[in-house]
1. Taking segment 83-102, which residues are surrounded by 15 or more Cβ atoms within 10 Å (Cβ to Cβ) and over 23 Å from residue 183 (Cβ atoms)?
2. Is it true that residue 60 is touching a strand residue (DSSP E or B) at 6+ places or on another chain (Cβ under 8 Å) and either modelled with pLDDT of 95 or more or open to solvent by less than 60 Å² (accessible area, probe 1.4 Å) (or both)?
3. How about segment 182-208: which of its residues are under 15 Å from the mean Cα position of the chain (by Cα) and surrounded by fewer than 19 Cβ atoms within 10 Å (Cβ to Cβ)?
4. Name the single residue, out of those in segment 219-230 being of a type outside the set (A, V, I, L, M) and surrounded by 13 or more Cβ atoms within 10 Å (Cβ to Cβ), that is modelled with the lowest pLDDT.
5. Residues to consider are 115, 129; find the one that is over 20 Å from residue 156 (Cα atoms), under 14 Å from the mean Cα position of the chain (by Cα) and β-branched (Val, Ile, Thr).
6. Taking interchain pairs and intrachain pairs at least six residues apart, which have beta carbon atoms under 8 angstrom, with the first residue in segment 224-253 and more than 22 Å from residue 109 (Cβ to Cβ) and among the hydroxyl-bearing types (Ser, Thr, Tyr) and the second modelled with pLDDT of 80 or more and open to solvent by less than 40 Å² (accessible area, probe 1.4 Å)?
7. Could you list all residues from segment 45-90 that are in contact with a helix residue (DSSP H, G or I) (Cβ under 9 Å, 6 or more places away or on another chain) and part of a strand (DSSP E or B)?
8. State all residues of segment 63-80 that are closer than 21 Å to residue 175 by Cβ and either in contact (Cβ under 8 Å) with a residue 40 or more places away in the chain or open to solvent by less than 10 Å² (accessible area, probe 1.4 Å) (or both); if no residue qualifies, say none.
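The values are calculated or read from the model by the stated rules, or taken from the named source; none is laboratory data. All values reported here derive from a predicted model rather than from experimental measurement. Because the Cβ atoms are built from the backbone with ideal geometry, glycine has one as well, and the counts that use them run over all protein chains shown. Accessible surface areas use protein heavy atoms only, side chains included; no ligands, DNA or RNA. Shrake-Rupley method; radii C 1.70, N 1.55, O 1.52, S 1.80 Å.
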Amino acid sequence: MMRYSLFFILFLSLCAPSPAAAADNPVSDLFRSNVDSIVLVGSVQKRKKDNRSGSGFFVSEDGLILTNYHLIQNARKIAVKTSDGHVHTKVAVAQVDPERDIALLKIPGRGFPAVQLGNSQGLEIGQRVVTIGNPQGLEQTVADGLVSAWRDVDDELRLIQISVPLSGGSSGGPLFDLEGRAVGVATASLSGGQNLNFAVPINYAKPLIRRAQSADDFEFYVVQPKDTLFSLSRRFRTTVNEIMALNRLANAQIYTGQKIKIPQGD
């Protein structure tokens, strides 16, 4: 009996992965390198039951965050929680593309850990991909799967079908290749199916990022219902006169959906 036990232990030791092999895990490496770039995005809607939460990620060190448009659509207030636990309430909507369900938010500050952007055109069917997000509010959750297919929605929109598990709250999180480059934005699941999920190609977001970065002395904001110039001046720590001057407004009237410039704070 003793002989059998020693043989069994020796067999297990030979079959077990070496410490070096166990540490050589591309998903673990990817998670460690990018987890601090992931944020939780929350929006307050007109009705409390319609409040939304999801994910987002830094695409520049000066506070640009890429997420899904449906998370902040018609929001009365938007908040962003970073990996250090800080909740930012001074959030500007810098750019939106409703047809492709992507939006850029902006929070004040610098030195934020931005992800590296990849090229979604290079994705191949069967390629392994990874997401990090906040499904059902469970922050910093990592999951992996495959690129299942490319799906043409219409002439202007092509989505990446993925087998990566997604849940409510995953929306807006990054889709990575194994090199740690963001190649998409997790956006939707097909109800009634299992792991029939979709991401928006990152190449669609690049023009929005370039436009947002070209504005060096102001931020863009899309007016939401019930916004007034007075409420915006308090929210962004500026004055009504400064907003009116920057936007060459003849009066203080603004309307929902209007894109206006907000003076950058410190």
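1. 88, 90, 91, 92, 93
2. On the way: touching a strand residue (DSSP E or B) at 6+ places or on another chain (Cβ under 8 Å): no; either modelled with pLDDT of 95 or more or open to solvent by less than 60 Å² (accessible area, probe 1.4 Å) (or both): yes.
When the stated conditions are applied, residue 60 does not pass them.
3. Residues satisfying the conditions are 188, 203, 206.
4. Initial filter on segment 219-230 (of a type outside the set (A, V, I, L, M)): 219-221, 224-228, 230.
Cutting the leftovers down to surrounded by 13 or more Cβ atoms within 10 Å (Cβ to Cβ) gives us 219-221, 224, 227-228.
Values: 219: 75, 220: 81, 221: 88, 224: 91, 227: 91, 228: 92.
For segment 219-230, the residue satisfying everything is 219.
5. None of the others qualify; the one that does is 115.
6. Correct list of pairs: 228/254.
7. 52, 53, 54, 55, 56, 57, 58, 64, 66, 77, 78
8. Result: 64, 65, 66, 67, 68, 70, 71, 72, 80.
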